[in-house]
1. At 0.36 nm per residue, and after removing the present C-alpha to C-alpha distance, how many nm does the segment from ARG159 to GLU246 gain when stretched out fully?
2. Helix 21-38 against the longest principal axis of the chain: what's the angle in degrees, Cα atoms only, rounded to the nearest 10?
3. For every helix of n ≥ 4 consecutive DSSP H residues, a contribution of -39,500 (n - 2.57) applies; sum these over the chain, divide by its total residues, and give [θ] at 222 nm rounded to the nearest 500 deg cm²/dmol.
4. Based on the Cβ-Cβ distance of ASP295 and TYR221, what FRET efficiency does E = 1/(1 + (r/R0)^6) give at R0 = 45 Å, to the nearest 0.05?
5. Quick check: the angle from helix 294-307's long axis to the longest principal axis of the chain, C-alpha only, nearest 10 degrees?
6. If Lys and Arg each add +1 and Asp and Glu each add -1, what is the summed charge of the other residues whose beta carbon sits under 15 Å from the beta carbon of ASN155?
7. Anyone know which of LEU173, LEU66, LEU191 comes out most mobile in the 10 Å Cα GNM of the chain?
8. Ignoring solvent entirely, what values of log10 I(q)/I(0) come out of the Debye formula for the chain at 0.10 Å⁻¹ when each Cα is a single scatterer?
Amino acid sequence: MKTKDIKIGLLEFGLSEKQNSLHAIEDIFEYAIVADKLGYSRFWISEHHRSNSLHPYNNPEIMITLIAGMTENIRVGGAGSLIGYYSPYSLVQNYKLLNNIYNDRIDFGLSKGRPENSQLHDFFNLTYDNKTYENKMYLKNLEGISDLLHNEKENYEKRKIVIPPFMGKPPSLWYLSNSYKLKDLAIDKQLNICKSLMHGLDVFDYNPDLEGLMEYKEEYYLKNKKQPEVALAIAISFTKSKKEIEEIESKQKNPREALKVISVTDDTISVVFKNLQKKYGIDEFIIYDTESNIDKKIENLNRIKQNIKNF
């Protein structure tokens, strides 16, 4: 039986060796343009509010706009937007307009995270030290986003709400998580799923968790009469050995919030992806390359392209 083709997308955190945040942004643009030319499937930008004077951006929406304009085929999106902090109306009008400008190439990833810098909580006027309140705002805003995108005609007729372009194509919505706690809600709101195998040292040891993804796909189809898009997110390193990575992981104070990284080489990367493809029954991966040097990151794009069969 022929192995199915593998699609590979990228996740960008905005970390760079550059000593100027605008130069770091230029690196991100270059990275995305090369990925587009090499045939990568997606280029996702994370949202992080770091207390770092060299951090290049916070909210990724402007970056998404610019990158989509610089590329031709690759899908571009946020992974993910901290939707509990923003107005659903504001988010939806931006992502929907972008998706119709850029020929249905925009992904809208929904995250339940919070800014790393707790001093920002006051500026958002949210008491995010309260976990219950955080969950409540995420669920409330997810409901609003879904309503504005999926009930467009009814909202216009009954409430005179228009999200331009009227009756245009909505962006692709994604449930981003390392668990299935909100599975039923995500299926009901027609969210595609990207299961993270990189968030938390306790979530990944080549455990396929087949039941979770298979159930999601089956239940999604029964509910929505179409198949969801499904992907796995992993972090890789070409420069650190497995032993070096294990030593770094052993020093993490909070294993649940640490980053799980897979050591790969030109000889092993194809095997890693084939094993994951077979065990999880999926054909798309979202890669976070932990390399911070832009020249090496672009070199790694070519190495991945050359060494993974059926890419």
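1. Full extension of this stretch gives 25.8 nm more.
2. 80 degrees
3. Theoretical 222 nm ellipticity from helices: -12500 deg cm²/dmol.
4. Once rounded, the FRET efficiency stands at 0.55.
5. 80 degrees
6. Neighbourhood net charge equals 0.
7. LEU66
8. -0.57
No lab work stands behind these numbers, since they all come straight from the coordinates. Owing to the predicted nature of the structure, the values given are computational and were not obtained by experimental measurement. Glycine also receives a Cβ, built like all others from the backbone with ideal geometry; neighbour counts cover every protein chain displayed.
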